[in-house]
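Working notes, beginning with the structure itself.
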Amino acid sequence: MTLDKTNNMMHSRSLTLRPLAALLGALFLLPVQQAAAQNTAQQEEGLKLYGGIGWGYDDNLLRVPDNRPAFRGKRSDRWRQAEAGVVYNKRISRQRVAVVAKVSKTSFDFFKQLDYDGRDLQATWFWELGNKFEGQAGTLYERTLAPYTDFFSDQRNVRERRREWFDAGWKLHPSWKVRTGYTRDRYEYELLTQRWNNRTEKAVEAELVYRPRSGNSVGLVARRVKGEYPFRRPSTASGLTDDFTQDELKLRVNYYLGGSTTLQALGGYVRREQPSFGEGKTSGFNGRLNAYFQPRGKVSYNASVWREFAPIESTIVSYTLNRGASVGATWQATGKIKVDATAAYEQRAYEARRAFSGSGSLEDSLKTASLRATWQATRKIAVSAGWQHQARSGSQALNLGKFDANTVMVNANVLF
């Protein structure tokens, strides 16, 4: 299948929407990611079915801070997940259609009020017109349990995300290309106390790309993002909403150092206007640098550094300015066994509202480490086991305390 390719082609938008807290979301989405990766490797046309089961344990499921009592005296919990889905991949002449659809059911042992039914759908049309025009159009829908990293509650908070996008490129010359894109993301939260995070973000961008024969490329990207929040937060003293406009002018660089090292960068000037925060205007450098190193042996490496605006699922603020770094390694132990390890550190700065005092404490940090082993038992059956550690330093001004949490997961997927 082609889900990974789709995500790579959309990474220019997702870079501004990737807080480290989203790693907790993988706790509930890991099985679908595994199934997608498994099907991506197949690269087969036609309709395929897949199913999976999973089990997990977390010693601080709801991310209860150290200085607060646990809900009903309980911090840990176990859960089970069952899922089923379809994968469709079809090329028609120069066009290609890729679809991944899944339904799942997750049940918890103690916090049974969190039980939920998940849904995932992604459909992409990769189109070509003649020899000069190409692009993609697609839609995505996700229904999953939102993370509790920055939200203190034991109530179920299901989040629905809808995305539509269109991308078109025109080859002006063998070395020059012009592309434009449009993306619309909408987030809705089931829980009334989280509805302040309901939002719609629309992004329009244009890019001029230069790609010489070496295969390296550099592009100048201009983008405007408009965010609309329909509900005012209770902590907002004025009648302003969290609506924002963000203008970006960035360089996108893909550079290949020999056959084993690749550098990818997207960075430049960003100006964000959001009247409900502080002075209402923030500007400066935003960007991300990714490095990949794959020598001839069985181990490959990756690393990233970033400075980006990102949304946060809080009842008080709507976004943070994040600075972080991560490192990772993949060991292909045998033809059927692969081991992945990652570690990340991120500092988050919250833009102060006028009603806040003590702005110097409006910062915290997140640390995450994970280890996962995958066994491709047969061509169609994969089994994985993973461990993840997450820790937050906390922000006293925002009533976010320090916590530590460890998660263990085991999953099995089969492709029919």
**Prompt:** How far is it, in nm, from the label point at residue 289 to the one at residue 184 when both lie 7 Å from their Cα along the line to the Cβ?
**Reply:** 3.8
**Net charge, residue 299 excluded, C-beta distance under 13 Å - Lys, Arg +1, Asp, Glu -1** = +2
**Complete:** The long-range amide H neighbours of residue 365, using H built 1.01 Å from N in the peptide plane and a cut-off of under 5 Å, are 348, 393, 394
**Request:** Quote to one decimal, in nm, the extra length available between residue 66 and residue 379 on full extension: 0.36 nm per residue of separation minus the C-alpha distance between them.
**Result:** 108.2 nm
**Asked** Can you list the HN-Hα couplings for the range 266-275, worked out from phi with the Karplus curve (6.51, -1.76, 1.60; θ = phi - 60°), rounded to whole Hz and with x for Gly and Pro?
**Response** 9, x, x, 8, 10, 10, 10, 10, 9, x
**Request:** Rounding to the nearest 20 debye, state how big the charge dipole of the range 202-345 is about its Cα centre with +1 on each Lys and Arg Cβ and -1 on each Asp and Glu Cβ.
**Result:** 580
**Rg/Rh for the range 285-416, where both radii come from Cα atoms and Rh is the Kirkwood radius** = 1.09
**Request:** Would you pull out the residues with amide H under 5 Å of residue 199's amide H, same chain only if 5 or more places away, H placed 1.01 Å from N?
**Result:** 187
**Request:** Using the structure shown, list the pairs from 90/338; 90/250; 171/367 with a Cα-Cα distance above 32 Å, or answer none.
**Result:** 90/250; 171/367
**Request:** Taking the Cβ of each residue in 250, 336, 177 as the centre, tally the other Cβ atoms inside 10 Å and list the residues starting with the fewest.
**Result:** 336, 177, 250
**Request:** Straight distance only, please: which aspartates and glutamates reach the Cα of residue 102 with their own Cα at less than 16 Å, same-chain residues fewer than 8 apart left out?
**Result:** 83, 117, 120, 142, 160
**Asked** Reachable lysines from residue 74, Cα under 16 Å, same-chain residues fewer than 8 places away excluded?
**Response** 112
**Fill in**
Whole-Hz Karplus couplings 3J(HN,Hα) for the range 330-345, θ = phi - 60° and coefficients 6.51, -1.76, 1.60, Gly and Pro as x, run 10, 10, 8, 4, 9, x, 10, 10, 10, 10, 10, 9, 9, 8, 9, 9
**Request:** May I ask you to evaluate 6.51 cos²θ - 1.76 cosθ + 1.60, the Karplus curve with θ = phi - 60°, for each residue of the range 74-82 and list the ³J(HN,Hα) values in order in whole Hz, giving x for glycine and proline?
**Result:** 10, 9, 8, 6, 10, 9, 10, 9, 10
**Complete:** Under 5 Å from the placed amide H of residue 115, counting only residues 5+ away or on other chains, we find 108
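Only the coordinates and a few stated rules stand behind these numbers; no lab work does. Small disclaimer: the values here were computed from a predicted structure and weren't measured. In this analysis, Cβ positions are derived from the backbone assuming ideal geometry, glycine residues included, and neighbour counts consider all displayed protein chains.
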